[in-house]
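Data first, discussion second: the structure below is written as structure tokens.
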Amino acid sequence: MNFASTAVQDELAEAALHYLTDRYPPARVAEFAEHGAHDVDAWPELVRQGWLDGDLGLVELALLAQANGTALHPVAWWSTMGAALPAYRAAGLEPPGTVSYGDGSSSCRARHDGATWRLDGHLRQVVDAGYAVELVVAATDGYGPALFTVRTDDPGVTLSAHDGLDPLRGSATVQLAGATGRLLLTGPAADAARVAGQRRAVVLACAEAVGVGQRALAMAIEHAQARVQFDRPIGSFQAVAHRLADSYADLELARSLVYRAAVAVADAEADGASGPTESLDDALACAEVSCPAAAVAACESAVQVFGGIGVTWEFPLHWWYRRALWLQSFHRARTDALATVADALLADSVTHRTTDR
């Protein structure tokens with residue numbers, strides 16, 4: 001299978017990166033981060049540029065997510081395009097703006113109130129809830145799983161924001177008390193959309209991690225070339241050069257794994273496979289193990305290369321480091337991907353030993 005990007009994909013990635021780096025220099029990113037704010041005025045421009053087009057496949061979306069990580073895009077694009085969007089698309093709808101997803105399958109219940117659905121319960125750790133126009137809520141309707149949308153400005157919706165490690169990727173606890181819900185999907189269709197959203201969120205988060213690591217590495221390389229000690233650029237010293245080379249190798253492996261996972265998920269969606277498959281689970285797990293770890297390591301290496309300035313509040317590197325740590329915590333909280341990778345490796349080892357005998 002050919003995993004090389006096409007000319008159209010390369011142009012898409014280049015255009016996205018040019019737009020983001022031009023609009024969000026590090027100083028502007030730091031300004032948003034220090035105030036825990038998003039560039040809410042930028043959403044119409046993303047729509048105009050086609051970032052929500054239904055023709056974009058998961059590989060193309062991963063390229064955009066990677067550019068998001070590189071620029072630390074202060075817009076709720078990931079929360080919209082990940083777990084929430086498949087529910088709208090499966091119902092034949094488009095999101096009204098930035099949206100997010102809340103899993104209330106065990107904590108939220110929907111009930112009929114005449115011709116209206118009412119939702120009661122709570123949702124934990126809803127990412128970017130404060131910037132969402134609507135939330136996609138997984139709840140039970142008395143018969144089984146169902147997906148609803150609720151407006152965040154509904155009188156029955158209360159948001160309690162949390163202070164987190166990354167102020168550009170904030171979350172909130174959402175309390176629903178008779179909130180008006182719009183039914184999107186029920187039964188197997190709801191389950192399929194929920195699974196599709198989870199898979200997409202993982203792939204896009206992994207791609208974003210690669211972009212975060214690339215930006216940190218680029219900062220470190222630029223500094224290593226410019227900073228001179230003992231009449232030589234510090235990048236010429238083995239201790240620095242080897243550290244940067246290791247980061248580059250880790251990020252290239254992570255990049256390959258995330259696009260392998262994107263292709264695997266896209267193929268599963270095309271085949272209509274909503275349940276788990278061994279090859280798909282392995283591809284997702286490998287990306288989850290590799291990508292956030294590579295991003296964290298690249299950021300930590302960059303801090304070492306910069307020395308004392310790398311740990312100051314005024315220097316912007318720590319915002320990318322915070323995102324890398326957030327992405328790592330997101331994957332650890334979601335599933336034990338490392339166990340899936342270990343099981344696959346051990347199974348291959350047993351198979352090879354049996355064959356050799």
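Working only within region 111-129, note down all residues that are modelled with pLDDT of 95 or more and within 17 Å of R194 (Cα to Cα).
Those that are modelled with pLDDT of 95 or more and within 17 Å of R194 (Cα to Cα): L123, V126, V127.
I need a count of the residues in region 261-303 that are modelled with pLDDT under 95, open to solvent by 30 Å² or more (accessible area, probe 1.4 Å), outside any loop (DSSP other than H, G, I, E, B) and not hydrophobic (A, V, I, L, M, F, W, C).
7
Any residue at all in region 219-237 that's without any contact (Cβ under 8 Å) to a residue 24 or more places away in the chain and open to solvent by less than 40 Å² (accessible area, probe 1.4 Å)? If you could, list the steps in order and put the result at the bottom.
If we filter region 219-237 for residues that are without any contact (Cβ under 8 Å) to a residue 24 or more places away in the chain, which is where we start, we get 221-222, 225-233, 235-237.
Now restrict to residues that are open to solvent by less than 40 Å² (accessible area, probe 1.4 Å): 235.
Taking every residue of region 219-237 in turn, at least one turns out to be without any contact (Cβ under 8 Å) to a residue 24 or more places away in the chain and open to solvent by less than 40 Å² (accessible area, probe 1.4 Å).
Considering each residue of region 52-72, count those that are more than 25 Å from A138 (Cα to Cα), open to solvent by 10 Å² or more (accessible area, probe 1.4 Å) and of a type outside the set (D, E, K, R), and give that number.
5
Go through region 81-107 and report how many residues are in contact (Cβ under 8 Å) with a residue 40 or more places away in the chain, hydroxyl-bearing (S, T, Y) and either in contact with a helix residue (DSSP H, G or I) (Cβ under 7 Å, 6 or more places away or on another chain) or open to solvent by less than 40 Å² (accessible area, probe 1.4 Å) (or both).
Looking only at that region, the number is 3.
Name the residues in region 6-28 that are open to solvent by less than 70 Å² (accessible area, probe 1.4 Å) and under 21 Å from M81 (Cα atoms), would you?
Q9, L12, A13, A15, A16, L17, Y19, L20, T21, Y24
Is there any pair with a first residue in region 23-39 that is within 18 Å of A132 (Cβ to Cβ) and modelled with pLDDT of 95 or more and a second that is open to solvent by 30 Å² or more (accessible area, probe 1.4 Å) and of a type in the set (S, T, Y) whose Cβ atoms are under 6 Å apart and which are 6 or more apart or on different chains, and what are they?
H38/Y131
Would you point out the residue of region 108-130, among those that are of a type in the set (A, V, I, L, M, F, W, C) and either without any contact (Cβ under 8 Å) to a residue 24 or more places away in the chain or not in a strand (DSSP E or B) (or both), that is surrounded by the fewest Cβ atoms within 10 Å (Cβ to Cβ)?
Keep residues of region 108-130 that are of a type in the set (A, V, I, L, M, F, W, C), which gives 108, 110, 115, 117, 119, 123, 126-127, 129.
Checking the rest, the ones that are also either without any contact (Cβ under 8 Å) to a residue 24 or more places away in the chain or not in a strand (DSSP E or B) (or both) come to 115, 129.
Details: A115: 5, A129: 26.
Residue satisfying both the conditions and the ranking: A115.
The values are calculated or read from the model by the stated rules, or taken from the named source; none is laboratory data. The structure displayed is predicted, hence computed values, not measured ones. In this analysis, Cβ positions are derived from the backbone assuming ideal geometry, glycine residues included, and neighbour counts consider all displayed protein chains. Ligands, DNA and RNA are stripped out before the accessible areas are found, and what is left, the full protein with its side chains, is counted by its heavy atoms. Shrake-Rupley method; radii C 1.70, N 1.55, O 1.52, S 1.80 Å.
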